[in-house]
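*Asks:* Shown below is the structure under consideration.
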Amino acid sequence: MMDILPLIQNETLKIWKKKRFYVILLILLVLIPLFTYAQMRMAQTNADNFKDWRNQIQQQITDLQNTLASDRMPEEWKKYDRIKVQQLQYYLDHDVNPNSPDAATFTRQFMASSVSLFFPLLILALASDLVSGERTSGTIKMLLTRPVKRWKILFSKLIALTLYVSLAIITTGAVCYLVSGLVFGYGGWTMPVFTGFVINSGSIDVSGVHPVPQWQFVIMQSGLIWVSCMTIAILALMVSVLLRSTAASIVTMMAAVISGSILAGMASSWETAKYIFSVNIDLTDYLEGTPPPIAGMDIVFSLSVLGVWMLGALIVSFGVFTKQDILN
Amino acid sequence: MTIDYPVRERVKITPAAFSEAAQGRADKTMGQPVLDVRGLKKKIGRKWIIHEVDFQVYPGEIFGFLGPNGSGKTTTIRMLVDLIKPTEGEILIGGHSVTRYPEKALAEVGCIVENPEMYTYLTGWENLEQFARMLRGVDKARIAEVVSIVRLDERIHEKVGTYSLGMRQRLGIAQALLGRPKLLILDEPTNGLDPKGIKELREFIRMLSETGLSLFISSHLLSEIQLMCDRVAIISGGRVLSVGRVDELVNQAGSYVLWQTDNQEGTRRILAAQAEVKLYEEGEYRMDDSALAYLPGAVVSTVHEDLIPELIEKLVAEGISIAAVQRVAPTLEELFLQLTEDGQV
């Protein structure tokens, strides 16, 4: 195993020198202040309209109940709203503000809503040209004519990718917290957040609900985000092995991710769709108690589906990479 | 012992020099081959790309691999360095099978396949560091050593993206030498270089050969192989047509002897009288046009080299003054035609 460390060093260096991570950092530094500003305006509007956050939540519940009373709304959508009402009521009953304006809450909410599109995009920027880029530039010939087994080379790329995926998640969290803290203050870590909502056919089971401090919630959430991101990263690595062009491999993966999030919104009646990886990407929803896109999905199911996809992608990647002829 | 390679500087014909060189080279085809290719075949899809390739490269020799574009040169080279898996046959480098023990076999080889492609976003030095980490026993001192061998010291810490093709070529060679290989494989090394660059490369290859390194050089130009190599394998349509010493092959294919004298008519008459001499009319020969441009009005013939001094004496005795006698290599096409006609396939 010792001889694989220099290879990992090589791959890590290459990604760094390609300045991919700078790009990610730049995107974060542009987008997060933007979202922070939007959040700040929202908080100001709310503060103008409601003296107390309780009034605001109460208003939100009333609004939702009004729409629920409408006949024009499809039954499926009503299900979501009913659950939302129950959750808000739960927060209200326990005197906890779910939208408390502080940096920790902002970070938690931003990370959770990034998991379906924003994080995959960042990951693709890192992963999509790992192998196809070497093919495009021709350096794959230099790489594979060394006295090193091919699986070790791909493995070192995988490890380097894992490092950068982890770093990207941590950096996103850190930038989020630091930037939003300037506006909202750096508190909120100990605020309780409720988790453990169990969704049962349109209603919510609150018997397992318990509060966790926000810092703990953010750690749990980050773990789930990491699993989602690693699934995307490993699939992107596979596509990068299979396709010679980096552009083609980015487009393919983006199409897969986006189609997943579209399907999640419309597939409630097509049950088999729940085996598609991108429908299962939103793992953080389970933590918050948002109902899954397709009935019958739960966190164990989604983790298993993602696990199977990852395993399959790894088998294909290593199988193809170690055997394929480099013809151009 | 340093060996003189007259074949490279061949302008005048001196049979003695040839036999001497032949002896020097004969020594090299002994011992265990550094590269041993046996019964190599490759099928892509349903099509056989490589039908039958066999040859051996011995320690310290410069081995040419000659064939037109699309003849299977690059495919063969890619099989030598484990980029493509052979369908049949075996490749041994330093006695290790490339397909079964790629780590051991590839440790003996340095190579540049087609263009010397490096990471353009890294400096020359960082590139070499990358490759050094994939080899055993290569430290900073060795990197510095190969950098000075290829004379890149001045710009080694600049990004490869800013290098000229010649510099990339040199960096490619530095990379190939890093692991102290026994065999260096260069695929069309002169492609894209200017005449000065080609000359430098030739000198460099000669210098490397003198250190005992074996070189395997592919090219589609016969003249280039003649200038650089001791032995050559000729490949066409995925088959090795012939393997042998460069001068022998060229002789075998009948290189032309051009006679430039003050009496073209008389020369033609005297030479035609000799049974061993074959004369050619305009359009019957295939050779590089530039050779004739230097010798206007020359008589084109084929004749065994040993007879040339005798013929010169005859011409002089007839009162014909000789301006030049020159041997000119046939073109690659001519060589192929000869080889296939002789049933050497």
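The values are calculated or read from the model by the stated rules, or taken from the named source; none is laboratory data. Not measured: the values here are computed from a predicted model. Note: ideal-geometry Cβ built from the backbone for every residue, glycine included; neighbour counts use all protein chains shown. In case anyone asks, the SASA skips ligands and DNA or RNA and just uses the protein heavy atoms, side chains included. Shrake-Rupley method; radii C 1.70, N 1.55, O 1.52, S 1.80 Å.
*Asks:* Kindly indicate the residue of region A:306-328 that is part of a loop (DSSP other than H, G, I, E, B) and in contact with a Lys or Arg (Cβ under 8 Å, 6 or more places away or on another chain) and also surrounded by the most Cβ atoms within 10 Å (Cβ to Cβ) among those meeting that condition.
*Replies:* Among them, the one singled out is A:Ile326.
*Asks:* Right, here's the next one. Would you check which residues across region B:115-135 are closer than 19 Å to A:Lys152 by Cα and facing another protein chain (nearest Cβ under 8 Å) and list them?
*Replies:* Within region B:115-135, B:Gln130, B:Phe131, B:Arg133, B:Met134, B:Leu135 qualify.
*Asks:* Checking B:Lys43 against (1) closer than 24 Å to A:Phe321 by Cβ; (2) surrounded by 15 or more Cβ atoms within 10 Å (Cβ to Cβ); (3) not aromatic (Phe, Trp, Tyr), which single condition isn't satisfied?
*Replies:* Every condition holds for B:Lys43 apart from (2).
*Asks:* To continue, here is another question. Is it fair to say A:Lys152 is touching a residue at least 40 places away in the same chain (Cβ under 8 Å), within 14 Å of chain B (Cβ to nearest Cβ), of a type in the set (D, E, K, R) and open to solvent by less than 10 Å² (accessible area, probe 1.4 Å)?
*Replies:* Criteria not met by A:Lys152.
*Asks:* In addition: If you go through region B:218-228 one residue at a time, do you hit one that is surrounded by fewer than 20 Cβ atoms within 10 Å (Cβ to Cβ) and part of a strand (DSSP E or B)?
*Replies:* no
*Asks:* Out of curiosity, is A:Gly296 assigned to a loop (DSSP other than H, G, I, E, B) and open to solvent by 30 Å² or more (accessible area, probe 1.4 Å)?
*Replies:* When the stated conditions are applied, A:Gly296 passes them.
*Asks:* Under the condition of being in contact (Cβ under 8 Å) with a residue 40 or more places away in the chain and open to solvent by 10 Å² or more (accessible area, probe 1.4 Å), which residue from region A:213-229 is farthest from A:Asp325 (Cα to Cα)?
*Replies:* Restricting to residues being in contact (Cβ under 8 Å) with a residue 40 or more places away in the chain and open to solvent by 10 Å² or more (accessible area, probe 1.4 Å), the top hit is A:Trp215.
*Asks:* Further question on the same structure: Evaluate the following for B:Ala324: is it at pLDDT 85 or above and open to solvent by less than 70 Å² (accessible area, probe 1.4 Å)?
*Replies:* yes
*Asks:* If A:Thr190 satisfies every condition in (1) outside any loop (DSSP other than H, G, I, E, B); (2) open to solvent by 60 Å² or more (accessible area, probe 1.4 Å) but one, which is the exception?
*Replies:* (1)
*Asks:* B:His157 versus (1) surrounded by 16 or more Cβ atoms within 10 Å (Cβ to Cβ); (2) more than 12 Å from chain A (Cβ to nearest Cβ): which is the lone unmet condition?
*Replies:* (1)
*Asks:* On to the next question. Taking the options B:Arg136, B:Arg151, name whichever one is assigned to a loop (DSSP other than H, G, I, E, B) and closer than 23 Å to B:Thr190 by Cα.
*Replies:* B:Arg151
*Asks:* Quick one: B:Gly319 ticks every box in (1) under 30 Å from B:Lys199 (Cβ atoms); (2) modelled with pLDDT of 85 or more; (3) of a type outside the set (Val, Ile, Thr) bar one, so which box is it?
*Replies:* Status for B:Gly319: all satisfied but (1).
*Asks:* Continuing with the same structure: Please determine whether any residue of region B:108-115 is assigned to a loop (DSSP other than H, G, I, E, B), among the acidic types (Asp, Glu) and either in the same structural domain as B:Leu201 (by TED's automatic domain parsing) or at negative phi (or both).
*Replies:* Yes: one or more hits.
*Asks:* Among (1) out of contact with any Pro (no Cβ under 6 Å at 6 or more places or on another chain); (2) under 17 Å from A:Ala125 (Cα atoms), there is one condition A:Ile232 misses while meeting the rest; what is its number?
*Replies:* (1)
One line per residue, one yes/no per condition, for (1) touching a Leu at 6+ places or on another chain (Cβ under 8 Å); (2) touching a residue at least 40 places away in the same chain (Cβ under 8 Å); (3) under 16 Å from B:Arg327 (Cα atoms); (4) open to solvent by 20 Å² or more (accessible area, probe 1.4 Å):
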position: B:Ser242; (1), (2), (3), (4): yes, yes, no, no
position: B:Leu249; (1), (2), (3), (4): yes, yes, yes, no
position: B:Leu258; (1), (2), (3), (4): yes, yes, yes, no
position: B:Asp262; (1), (2), (3), (4): no, yes, no, yes
position: B:Ala275; (1), (2), (3), (4): no, no, no, yes
position: B:Leu279; (1), (2), (3), (4): yes, no, yes, yes
position: B:Glu282; (1), (2), (3), (4): no, no, no, yes
position: B:Thr302; (1), (2), (3), (4): no, yes, yes, yes
position: B:Ile308; (1), (2), (3), (4): no, yes, yes, no
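*Asks:* Checking the structure you have, find out if any residue of region A:48-56 is within 14 Å of another protein chain (Cβ to nearest Cβ) and open to solvent by 60 Å² or more (accessible area, probe 1.4 Å).
*Replies:* Checked against the condition, which is being within 14 Å of another protein chain (Cβ to nearest Cβ) and open to solvent by 60 Å² or more (accessible area, probe 1.4 Å), region A:48-56 yields no hits at all.
*Asks:* Residues B:Gly266, B:Gly297: which one is farther than 26 Å from B:Glu61 by Cα, open to solvent by less than 10 Å² (accessible area, probe 1.4 Å), not assigned by TED's automatic domain parsing to the domain that holds B:Gly67 and not in a strand (DSSP E or B)?
*Replies:* Unique residue meeting the criteria: B:Gly266.
*Asks:* Identify, by number, the condition in (1) over 30 Å from B:Pro116 (Cβ atoms); (2) touching a residue at least 12 places away in the same chain (Cβ under 8 Å); (3) of a type outside the set (Asp, Glu); (4) open to solvent by less than 30 Å² (accessible area, probe 1.4 Å) that A:Pro101 doesn't meet.
*Replies:* (4)
*Asks:* Does B:Leu35 fit the bill of being free of Cβ contacts under 8 Å to residues at least 60 places away in the same chain, buried (at least 16 other Cβ atoms within 10 Å of the Cβ) and more than 18 Å from B:Asn191 (Cα to Cα)?
*Replies:* no
*Asks:* Further question: Could we say that B:Arg206 is open to solvent by 40 Å² or more (accessible area, probe 1.4 Å), within 23 Å of B:Glu108 (Cα to Cα) and not in a strand (DSSP E or B) here?
*Replies:* So B:Arg206 fits the description; yes.
*Asks:* For A:Val96, all conditions in the list (1) part of a loop (DSSP other than H, G, I, E, B); (2) closer than 24 Å to A:Ser228 by Cβ; (3) among the β-branched types (Val, Ile, Thr) hold save one; what is the number of the exception?
*Replies:* With respect to (1) part of a loop (DSSP other than H, G, I, E, B); (2) closer than 24 Å to A:Ser228 by Cβ; (3) among the β-branched types (Val, Ile, Thr), A:Val96 is out only on (2).
*Asks:* With the requirement that a residue be over 29 Å from the mean Cα position of the chain (by Cα) and either closer than 21 Å to A:Pro293 by Cα or open to solvent by 70 Å² or more (accessible area, probe 1.4 Å) (or both), what does region A:66-93 give you?
*Replies:* Hits for region A:66-93 are A:Asn66, A:Thr67, A:Leu68, A:Ala69, A:Asp71, A:Arg72, A:Met73, A:Asp93.
*Asks:* Being within 13 Å of another protein chain (Cβ to nearest Cβ), more than 20 Å from the chain's Cα centre (by Cα) and buried (at least 23 other Cβ atoms within 10 Å of the Cβ), is that true of even one residue in region B:62-79?
*Replies:* no
*Asks:* How many residues are within 14 Å of another protein chain (Cβ to nearest Cβ) and part of a helix (DSSP H, G or I) if we restrict to region A:103-149?
*Replies:* Total meeting the criteria: 11.
*Asks:* Would you mention how many residues in region B:97-114 are open to solvent by 10 Å² or more (accessible area, probe 1.4 Å) and more than 10 Å from every other protein chain (Cβ to nearest Cβ)?
*Replies:* Of the residues in region B:97-114, 2 are open to solvent by 10 Å² or more (accessible area, probe 1.4 Å) and more than 10 Å from every other protein chain (Cβ to nearest Cβ).
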